[in-house]
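Notes follow once the structure below has been shown.
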Amino acid sequence: MRVLNYLELEDHLGPSGIRTAVRQQRSALQDAGVTVVDTLTQGGPTSATQSALSGQSPTVDYDLAHVNTVGPGSVAVATHALRTGRPLVVHAHVTREDFRDSFRGSNALSVPLGRYLRWFYSRADLVLCPSEYTRSLLEQYPVTTEIRPMTNGVDIADLAGHATLREPTRETYDLSGTVVFTVGHVYERKGLSTFCELAQATDYTYAWFGPYRTDPLASSTVKRHVRSPPENVTFTGWVEDRRSAFAAGDIYFFPSKAENQGIAVLEAMATGNPVVARDIPVFREYFTDGEDIVLCESGEEFRAAIDRLADDPALRERLAKNARETAVEHSLDRVGDLLVSTYRDLLDRV
């Protein structure tokens, strides 16, 4: 089986959840014996033109297309697959709901984005999405093709050795004591204000590992917090090795308002960090409150949960142990098996 697994503008996405999900897809597929190509044209535009002029096909050979983003390049790949009779899988990593509160103007743009996503996702033979929660959103648009939830998974092997980075990372960012932390882009949707408000109300050290912007596209909320953070909050910016973030912290705090799954939560679990998160539907779907995660609805609940974990090493270890077991359920070998089974089902329909 030869699969075109396409991610538009891949080199410009930075440390995004979509890029991580696609990297994990490709790794899982290759481990499962699937040949993966990542571009439609042979050797780029110039080589493709030369091939066409010489009478050769300018496009790669593939059995099925799996598209992961929604821009013009993705539309071109989708159109080629449909025109040539190949099955088309579109992965719904993007929803209008998780687009909101990302940058200046994103809330207004989410309305036309929703209409566009309805059109684009409905072109596919199958839409994959990270959760039942995401499927419920897409059904309301409505997306008219079949929608199938599938975990993004977590690359446990890629996180190995993180513990050795603990002291160097804490020293680099001057972190001490109990470190409450999160990982990912700094957006208000990710719970930025809640993160800073809790920091102001407690005496722990807080660290947000991930890139942020302060240019005109940045929201006023992001610029205000990163330029004048509480005294006990560090915004690290981009970190080269994300393992260092999971090594340096003690309690993973994720007050995000909307997620399609939350790969960073699975990574925190895989690295043995107890997790405190906002009580949103997708976390209820994948995790169990009080067993492998602590889910909270208010600032008071967040504070009580973090205080309890900071004061109770046995509770931290119990949650961390259960969380590691949960992460194994999302391992890449299982993701690979699910993808291969899905592809074969589609190919059998052709």
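The table that follows gives values for the structure above.
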read-out	value
G191 long-range amide H proximity, modeled H, under 5 Å	K257
Most fluctuating residue given options D31, D333, D101, as computed from a GNM of the chain linking Cα atoms under 10 Å	D31
Extension gain (nm, one decimal) between H12 and D311, 0.36 nm per residue minus Cα-Cα	103.4 nm
Accessible-area value, D311, 1.4 Å probe, nucleic acids and ligands omitted, Å²	120 Å²
Scattering curve values for the chain, log₁₀ I(q)/I(0), Debye with Cα scatterers, q = 0.13, 0.14, 0.16 Å⁻¹	-1.03, -1.17, -1.44
Among V239, V275, V186, residue whose mean-square fluctuation peaks in a GNM of the chain (springs only between Cα atoms under 10 Å)	V239
Whole-number accessible area per residue in Å² for the chain, which is evaluated in the context of all protein chains at 1.4 Å	44 Å²
Using a Förster distance of 25 Å, the FRET efficiency for E132-V328 (Cβ separation, nearest 0.05)	0.75
Under Karplus coefficients 6.51, -1.76 and 1.60, residue-wise ³J(HN,Hα) of region 23-37 in Hz, glycine/proline x	4, 5, 4, 5, 4, 5, 5, 5, 5, 8, x, 8, 7, 10, 10
From phi via Karplus (6.51, -1.76, 1.60), per-residue ³J(HN,Hα) for region 285-291 in Hz, x at Gly/Pro	5, 9, 10, 10, 4, x, 10
Region 58-147, relative contact order [Cα under 8 Å, separation at least 6], %	26 percent
Residues whose placed amide H lies under 5 Å from that of T205, excluding near-sequence neighbours	T178, V180
For the chain, built as a Gaussian network whose Cα springs stay under 10 Å, the top-fluctuating residue of H12, H80, H91	H12
For R118, solvent-accessible area (1.4 Å; no DNA, RNA or ligand), Å²	90 Å²
Ranked order, E188, E132 - accessible area, probe 1.4 Å, largest first	E132, E188
Heavy-atom SASA rank of W208, W119 (probe 1.4 Å, accessible area, largest first)	W119, W208
Hits among aspartates and glutamates - C-alpha to C-alpha of K223 under 17 Å, sequence gap 8 or more where chains match	D101, E188, E197, D215, E231
Apportionment of accessible area to carbon and sulfur, region 157-329, percent (1.4 Å)	46 percent
Of all DSSP beta bridges in the chain, antiparallel share, percent nearest 5	5 percent
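The values are calculated or read from the model by the stated rules, or taken from the named source; none is laboratory data. What you see is a predicted model, and the numbers here were worked out from it, not measured in a lab. When we count neighbours, we look across all protein chains shown, and the Cβ atoms used for this are built from the backbone with ideal geometry, even at glycine. Ligands, DNA and RNA are excluded from the accessible area calculation, which covers all protein heavy atoms including side chains. Shrake-Rupley method; radii C 1.70, N 1.55, O 1.52, S 1.80 Å.
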